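Enquirer: Have a look at this one.
Rule-based calculations on the coordinates, nothing more; no lab input. These numbers were taken from a predicted model, which means no experiment stands behind them. Note: ideal-geometry Cβ built from the backbone for every residue, glycine included; neighbour counts use all protein chains shown.
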Amino acid sequence: MSELVIRNFHVSIDGKQILKGVNLTVKQGEIHALMGPNGTGKSTLAYSLMGHPAYTVTQGEAIFKGQNILELDPDARAHLGVFLAFQYPVAIPGVTVANFLRTALNAKRHAIDAADKGISIPEFRKLLKEKMDLLQMDQTIAGRYLNDGFSGGEKKRAEILQMAALHPEIAILDETDSGLDIDALRIVSEGVNALRGPDLGVLVITHYQRILNYIKPDFVHIMLDGRIVESGGPDLAQHLEEQGYDWVREKHETVMA
Ligand code: ADP
Ligand code: MG
């Protein structure tokens, strides 16, 4: 059973301290929701865990499978089994969804076993069709350039498709719900739920409680000013839905001062 253990995680951007000591453990099989007002550092946590160069880790560690992933290149982190779905996926004109996924999948297989010759085309087609059916995606999207002209819903589904194809042990989904209409939200959530199981740990990052009506978390955390200030069960998200974030701010004013 793998787990991602984040300890005393401090991150700055352009010399400005954004994360100020995050502690969080996500185990395979668990769904964690990370909530909080805008600008509190949720995306910073996701991006810096994946090694985005704009973020400087000033303290702390993130241990996965016995390694501090903060010391690894971004692709090595992915190959080890940590997946990040972006809040704002980038378009890659000229690279089809199918080619992108096959390249990513083969890179991961090669990293695990240097002798791996890569997935065969028929085997890959079968896998892709199976995952696209699971996510109720139109098969024609496989032949389109990645995220190029995709609607918000298509981009999010393409992210979940990547996750389905790469089957990571830990997935971090940053604001998977932003820009989705209710049908797309339901389909993306069903996709995540379909992938849910003892092998997958998920950190769902969201500002709104909405997606948590579909993806039921086991644990809920609230981030405020670069720290996790509250942790609890699903009832915590419900409480936020009803009360907003004001009580969190009032309760933790001293922390922020
Ligand atoms: P959240 O995802 O919780 O809304 P972010 O992690 O995106 O918050 O942002 C946290 C803080 O870091 C904000 O004050 C934001 O303005 C700042 N920030 C985020 N990304 C950058 C960046 N690339 N350059 C400068 N400041 C940034
Ligand atoms: Mg964000």
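Enquirer: Going through the range 10-23 one residue at a time, which ones are buried (at least 17 other Cβ atoms within 10 Å of the Cβ) and within 16 Å of ligand 2 (Cβ to nearest atom)?
Expert: Taking the range 10-23 first, the residues buried (at least 17 other Cβ atoms within 10 Å of the Cβ) are 10-12, 18-20, 22.
Listed by number, the residues that qualify are VAL11, ILE18, LEU19, VAL22.
Enquirer: Here's another thing I want to ask about it. Pairs needed: first member in the range 201-229, within 16 Å of ligand 2 (Cβ to nearest atom); second member anywhere, among the small types (Gly, Ala, Ser) and in a loop (DSSP other than H, G, I, E, B); C-beta distance under 8 Å; at least 6 residues apart or different chains.
Expert: Note: pairs meeting the criteria are HIS207/GLY36; HIS207/SER178; ILE222/GLY36; MET223/GLY36; MET223/GLY41; LEU224/GLY36; ASP225/GLY41; GLY226/GLY41.
Enquirer: Here is a follow-up. Residues that are β-branched (Val, Ile, Thr) and away from ligand 2 (no atom under 16 Å from the Cβ): which strands (runs of 3 or more DSSP E) entirely in the range 27-109 hold 2 or more of them?
Expert: On the way: elements: 31-35, 56-64, 82-85, 92-96.
Answer list for the range 27-109: 56-64, 92-96.
Enquirer: Additional query: Taking the range 125-150, which residues are without any contact (Cβ under 8 Å) to a residue 24 or more places away in the chain, under 24 Å from ALA91 (Cβ atoms) and not basic (Lys, Arg)?
Expert: ASP138, GLN139, THR140
Enquirer: Out of all the residues in the range 54-76, which are under 21 Å from LEU166 (Cβ atoms) and among the charged types (D, E, K, R)?
Expert: LYS65, ASP73, ASP75
Enquirer: Mind listing whichever residues of the range 1-22 are within 17 Å of the chain's Cα centre (by Cα) and either among the β-branched types (Val, Ile, Thr) or assigned to a strand (DSSP E or B) (or both)? Lay out the reasoning, then the answer.
Expert: Residues of the range 1-22 within 17 Å of the chain's Cα centre (by Cα): 2-6, 22.
Matches in the range 1-22: GLU3, LEU4, VAL5, ILE6, VAL22.
Enquirer: To continue, here is another question. Which members of the range 97-123 meet the condition of being surrounded by 15 or more Cβ atoms within 10 Å (Cβ to Cβ) and at positive phi?
Expert: None - no residue of the range 97-123 is surrounded by 15 or more Cβ atoms within 10 Å (Cβ to Cβ) and at positive phi, so the list stays empty.
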